[in-house]
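Below you'll find the structure, written out as structure tokens, and then a few comments.
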């Protein structure tokens, strides 16, 4: 009798142990299947994002039209289906998002699948989720923004002071260069409008109702007679980053708002557009800054500018001559010395990122002009653009000038 009881106890223990072993095996199988499904959806989302982004980059010339956005969405769906997801799954569980004036692009998808052994424990299905975007998070503010392309404004590695609508003073920077968080003039101003009738509000997303105007200061005779003298503005720092002349106001507008997609490198030469395009600059400031509200998840006021100097082949080999040059080069898209004999263009020596600020937040607007990176930067002028320095993308001098 005792022997029978021992056998019965052993059988019960064996059954209990078998149950736990089978349950553990089932758990491992289901977890492995979940990992497989997670890898599957990650692969599909990454591939569809890449395909959609490549198509988007080729289509983009300002804001995308609804038809262009649908083209991108359709391409994303096609790649998801190619990766083994059904059309019904993709249609109902894949999202394609555009934001930050179509610079930002995101693909997100989820999928459901049935489990095996976990069903005995009441778990019928599981879900996996994946997303990919091209946003960068600012470690200081926590805001996200899409990568920026260079805009068609060049600055010397110096402090620009707008002492009048016709003259500019260029002072040397301290050895550490631009100071993070400090205000600088990115483009000198002018009291002359570009006489271009088009408006750019229809080409950028904004909900702003601001009517703030930039006050144009015209009585600057006292400043113009200042002992510093200043130099005459033969240009306003506007450049043709693709080195193809003749694009005019429309090309400048698009590249200012959305950046230029041409690959740029240190030591490339860039030609100058002598126009000021004051009205376009004033409107762009309002639109870019008003879209960057305090509550926005994405900042659109950031810009990347090429930092330039005057290369040896151009007479007036110093930073002050940047705004004196009247460009006559026409390289038809060429940007290297070996491909074209440049005589009146600028040389890229680095890249810097700034955040555009509106006139209402200028902290260095005034007529107290001092040496170096001290004092005011001059009054606010129409067409003038100011920004807060954020960081160097490529530090001037880091790559040997050629």
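The values are calculated or read from the model by the stated rules, or taken from the named source; none is laboratory data. Owing to the predicted nature of the structure, the values given are computational and were not obtained by experimental measurement. Here the Cβ is made from the backbone with ideal geometry for all residues, glycine too, and neighbour counts use every protein chain on show.
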(1) at pLDDT 90 or above; (2) surrounded by fewer than 19 Cβ atoms within 10 Å (Cβ to Cβ): which one isn't true of residue 121, the others all being true?
-> (1)
Selection status of residue 272, at pLDDT 90 or above and under 23 Å from residue 157 (Cα atoms) = yes
Please state which of the following conditions residue 3 fails to meet, knowing it meets all the rest: (1) closer than 27 Å to residue 107 by Cβ; (2) modelled with pLDDT under 75; (3) part of a helix (DSSP H, G or I).
-> (1)
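Table: residues versus (1) under 20 Å from residue 236 (Cβ atoms); (2) in contact with a strand residue (DSSP E or B) (Cβ under 6 Å, 6 or more places away or on another chain); (3) assigned by TED's automatic domain parsing to the domain that holds residue 175; (4) outside any strand (DSSP E or B).
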| residue | (1), (2), (3), (4) |
| --- | --- |
| 339 | no, no, yes, yes |
| 347 | yes, yes, yes, no |
| 363 | no, yes, yes, yes |
| 373 | no, yes, yes, yes |
| 381 | yes, no, yes, yes |
| 389 | yes, yes, yes, no |
Looking across region 259-269 at residues that are more than 12 Å from residue 304 (Cβ to Cβ) and touching a residue at least 12 places away in the same chain (Cβ under 8 Å), the single one that is surrounded by the fewest Cβ atoms within 10 Å (Cβ to Cβ) is 265
What number of residues in region 391-402 are loosely packed, with under 15 Cβ neighbours inside 10 Å, in a loop (DSSP other than H, G, I, E, B) and touching a residue at least 24 places away in the same chain (Cβ under 8 Å)?
-> 5
Within region 358-369, restricting to residues that are over 21 Å from residue 257 (Cα atoms) and without any contact (Cβ under 8 Å) to a residue 40 or more places away in the chain, the one that is farthest from the chain's Cα centre (by Cα) is 368
All positions within region 78-99 that are in contact with a helix residue (DSSP H, G or I) (Cβ under 8 Å, 6 or more places away or on another chain), within 15 Å of residue 132 (Cβ to Cβ) and buried (at least 18 other Cβ atoms within 10 Å of the Cβ) = 79, 80, 94, 96, 98
State which residue is surrounded by the fewest Cβ atoms within 10 Å (Cβ to Cβ) when the search covers only region 232-253 and only residues that are under 21 Å from the mean Cα position of the chain (by Cα) and outside any loop (DSSP other than H, G, I, E, B).
-> 250
Count of region 79-110 residues which are assigned to a strand (DSSP E or B) and within 30 Å of residue 287 (Cα to Cα) | 10
